[in-house]
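The block underneath contains the structure these notes are about, expressed in structure tokens.
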Amino acid sequence: MENQEKKHKRRVRYSGTHPRSYKEKYKEHNPEKYADTIEKVISKGSTPAGMHISIMVQEILDFLQIKPGQQGLDATLGYGGHTKKMLECLQGQGHMYALDVDLIESAKTKERLLKQGYGEEILTIKLLNFANIDQIAKEAGKFDFVLADLGVSSMQIDNPERGFTYKFEGPLDLRMNPQKGTSAAERLTEITEEEFVGMMMENSDEPYAQEIAKVVMKKLRQGKKIETTTQLKHAIEEALAFIPEKERKDAVKKSCQRVFQALRIDVNSEFEVLYEFLDKLPDVLAPGGRVAILTFHSGEDRLVKKSFKQLKRAGIYADVSRDVIRPSAKECRRNGRARSTKMRWAIRA
């Protein structure tokens, strides 16, 4: 019957303390409502689904020395944890700008920060790649402090639909903005075996790049598809079958992490974007302006270190960090994703 009432659909039960399905973790997706669950997950060294735990917050704030009335830029908004802490330092005076290319997550973050009292009078969020900081500076003027956190947000990693991790079945996508550019699956069909080897070696120092590229490209030539995260993982497992069984599981895990990283860097042009950002950075900083950058692998860190050193020699930066600053052992225990973080800073002359 047309007028027949629709049957009530029950919410999926939260099965146990660690439900495996991303969508089933409704408690973790509602941090305000289920604070106890969130704290339990964090205390075990895990990141709750749909959340991102900001890294090295105190170290960043100690260096930036934010004062009320200043103007700042979070070049990589993400979940907004760093942005919120910087806004708190402004005490309602001054202005924060924040950039992100992920239209899915930036909309959620904007709504979350608005509910916490940070509206457009103090915070402006732009859907813009941080390579285009010169565009935001034309509108806003120069910045007293800038932060760039180059890591992938946990919300992106944990959502299987985004294809950022080998741990869950999902489309092999890896784009920060899924509406632009070429997915990782498409990219694999466009490159040669030699190019794939080069990508893995340059972007993630993959020691088994040749073996992995050989298997992946052979499968594609045979008409087999590598369109999902699991299909790529299985190809990597096949390529590393020669490794002794005792060592194989760990080797596969590490190679999966590196191969996914290499593809993510490639499809999002991450090194090119970072080059452009570092090149434009001095021109958007006010005299005495401070910038802190968090990197997560050696390729990024090398670029930042080189740029800062060269520009200090040229007299453009008054001072730069001599050594990297790392998160404390306590933070790494609480947030495993902090372990590979390196922070470098510079002060505009």
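From the list V267, V252, V304, pick out the single residue that is under 29 Å from D173 (Cβ atoms), of a type in the set (A, V, I, L, M) and within 16 Å of the chain's Cα centre (by Cα).
On the way: V252 fails: within 16 Å of the chain's Cα centre (by Cα); V304 fails: within 16 Å of the chain's Cα centre (by Cα).
So the residue among V267, V252, V304 that is under 29 Å from D173 (Cβ atoms), of a type in the set (A, V, I, L, M) and within 16 Å of the chain's Cα centre (by Cα) is V267.
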request  = Could you list all residues from the stretch 288-303 that are buried (at least 19 other Cβ atoms within 10 Å of the Cβ) and more than 17 Å from Q261 (Cβ to Cβ)?
outcome  = G289, R290, V291, A292, I293
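Of the residues in the stretch 328-349, how many are over 14 Å from H297 (Cα atoms) and either without any contact (Cβ under 8 Å) to a residue 60 or more places away in the chain or over 17 Å from the mean Cα position of the chain (by Cα) (or both)?
Of the stretch 328-349, the ones over 14 Å from H297 (Cα atoms) are 328-336, 345-349.
Checking which are either without any contact (Cβ under 8 Å) to a residue 60 or more places away in the chain or over 17 Å from the mean Cα position of the chain (by Cα) (or both) leaves us with 328-334, 345-349.
The total comes to 12.
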task = Filter the stretch 29-82 down to residues that are within 16 Å of R112 (Cβ to Cβ), outside any loop (DSSP other than H, G, I, E, B) and at pLDDT below 85, then give me how many there are.
result = 2
note = Among the residues of the stretch 308-341, the number that are open to solvent by less than 20 Å² (accessible area, probe 1.4 Å), assigned to a helix (DSSP H, G or I) and either modelled with pLDDT of 95 or more or not hydrophobic (A, V, I, L, M, F, W, C) (or both) is 1
task = Quick one: in the stretch 84-104, of everything that is open to solvent by less than 10 Å² (accessible area, probe 1.4 Å) and in contact with a Leu (Cβ under 6 Å, 6 or more places away or on another chain), which residue is farthest from L281 (Cα to Cα)?
result = M96
message = Residues that are out of contact with any Cys (no Cβ under 9 Å at 6 or more places or on another chain), more than 30 Å from K280 (Cα to Cα) and open to solvent by 70 Å² or more (accessible area, probe 1.4 Å): list the helices (runs of 4 or more DSSP H) wholly contained in the stretch 115-228 that include at least 2 such residues.
response = 184-190, 209-221
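For the stretch 252-269, which residues satisfy the criterion of being part of a helix (DSSP H, G or I) and either surrounded by fewer than 20 Cβ atoms within 10 Å (Cβ to Cβ) or of a type in the set (A, V, I, L, M, F, W, C) (or both)? Quick ask: steps written out before the conclusion?
Taking the stretch 252-269 and keeping what is part of a helix (DSSP H, G or I), we get 252-267.
Selection gives V252, K253, K254, C256, Q257, V259, F260, A262, L263, I265, V267.
The values are calculated or read from the model by the stated rules, or taken from the named source; none is laboratory data. Here the structure is a predicted model, which is why all the values come from computation and not from measurement. We place every Cβ from the backbone using ideal geometry, glycine too, and count neighbours over all the protein chains shown. Note: accessible area is taken over every heavy atom of the protein model, side chains too, but ligands, DNA and RNA are not part of it. Shrake-Rupley method; radii C 1.70, N 1.55, O 1.52, S 1.80 Å.
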